[in-house]
1. Do any strands (runs of 3 or more DSSP E) lying entirely in the stretch B:24-110 carry at least 3 residues that are in contact with an Asp or Glu (Cβ under 8 Å, 6 or more places away or on another chain) and more than 16 Å from B:ASN2 (Cα to Cα), and which ones are they?
2. Tell me, please, whether a residue that is within 14 Å of the chain's Cα centre (by Cα), touching a residue at least 12 places away in the same chain (Cβ under 8 Å) and surrounded by fewer than 18 Cβ atoms within 10 Å (Cβ to Cβ) can be found in the stretch A:25-33.
3. Given the criteria more than 14 Å from chain B (Cβ to nearest Cβ), assigned to a strand (DSSP E or B) and hydrophobic (A, V, I, L, M, F, W, C), does A:ILE12 qualify?
4. Determine, yes or no, whether A:SER42 is farther than 30 Å from B:GLU8 by Cα, among the hydroxyl-bearing types (Ser, Thr, Tyr) and surrounded by fewer than 21 Cβ atoms within 10 Å (Cβ to Cβ).
5. Report every pair of residues separated by at least 6 positions or lying on different chains whose Cβ atoms are under 8 Å apart, first residue within the stretch B:31-43 and away from chain A (no Cβ under 11 Å), second not in a strand (DSSP E or B).
6. State which residue pairs qualify: first residue within 7 Å of chain B (Cβ to nearest Cβ) and among the small types (Gly, Ala, Ser) and inside the stretch A:85-113, second residue buried (at least 17 other Cβ atoms within 10 Å of the Cβ) and not in a strand (DSSP E or B) in any location, beta carbons under 8 Å apart, and separation of 6 or more residues or different chains.
7. Is it the case that the stretch B:77-97 has a residue that's surrounded by fewer than 17 Cβ atoms within 10 Å (Cβ to Cβ), within 14 Å of chain A (Cβ to nearest Cβ) and at pLDDT 90 or above?
8. Considering (1) of a type outside the set (Lys, Arg); (2) within 13 Å of another protein chain (Cβ to nearest Cβ); (3) part of a strand (DSSP E or B), say which one A:SER59 fails and leave the rest.
Amino acid sequence: SAVISQKPSRDICQRGTSLTIQCQVDSQVTMMFWYRQQPGQSLTLIATANQGSEATYESGFVIDKFPISRPNLTFSTLTVSNMSPEDSSIYLCSAGDRGYEQYFGPGTRLTVT
Amino acid sequence: GNSVTQMEGPVTLSEEAFLTINCTYTATGYPSLFWYVQYPGEGLQLLLKATKADDKGSNKGFEATYRKETTSFHLEKGSVQVSDSAVYFCALFNQAGTALIFGKGTTLSVSS
């Protein structure tokens, strides 16, 4: 299994600003993902972070709002840009190898005021 | 595309009661199926999985059987504990076999 850490664990940000969330995996994995979990809701996939190329975004999510980097097989970042209160959510990083279970980080709890 | 439907909660039980959380799926082919658990204030943990029809996944007293004929993967535990209080998510892979698709989650609350 993979152990995943995220930083920061939580933050309170002002509207109009940006926050970058870091995700570190303790071993090399082929696939990394970013999910959003709005209060009391299930998980929604934002994008697949591709190593060395642009992320693949799900319908309703765009690169300008959620730029993602993945410089190597163990690290990825998600930026939430030009934040509004509607962006208040838990952001979760997950990782795994194709066709196998995914492991999740502890999440970043974001509040936008 | 692939999808999963999970019973609505919350589910409230007394300690040592029997638990069933229903999960049914729609999928092309026979994708692996998963149950994840989210304890208060934490991320998701993999609880159990099944990779093919008739497989039974089990962990920490929880069990779920991959039923192809009923397209179901119901979660069961014979005797719940207060420490089992959490949100439980049923999940399967998308058609590409890459990212997970989650059910809406079922909140379980166990009282002593």
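1. Ranges flagged: B:44-50, B:62-65, B:75-77.
2. Here is the first cut: in the stretch A:25-33, the residues within 14 Å of the chain's Cα centre (by Cα) are A:25, A:31-33.
Next, only the ones that are touching a residue at least 12 places away in the same chain (Cβ under 8 Å) stay: A:25, A:31-33.
Subset that is surrounded by fewer than 18 Cβ atoms within 10 Å (Cβ to Cβ): none.
No, the stretch A:25-33 contains no residue that is within 14 Å of the chain's Cα centre (by Cα), touching a residue at least 12 places away in the same chain (Cβ under 8 Å) and surrounded by fewer than 18 Cβ atoms within 10 Å (Cβ to Cβ).
3. Judged against the criteria, A:ILE12 is a match.
4. No, not satisfied.
5. Correct list of pairs: B:PRO40/B:SER85.
6. That search, which allows pairs on different chains as well, returns A:GLY99/B:SER32; A:GLY105/B:GLY43; A:GLY107/B:GLY43.
7. Looking for residues that are surrounded by fewer than 17 Cβ atoms within 10 Å (Cβ to Cβ), within 14 Å of chain A (Cβ to nearest Cβ) and at pLDDT 90 or above, one finds none in the stretch B:77-97, hence no.
8. Failed condition: (3).
The values are calculated or read from the model by the stated rules, or taken from the named source; none is laboratory data. Just so we're clear, the structure is a prediction, and the values are computed from it rather than from any experiment. Here Cβ is always computed from backbone atoms with ideal geometry, including for glycine, and neighbour counts include all displayed protein chains.
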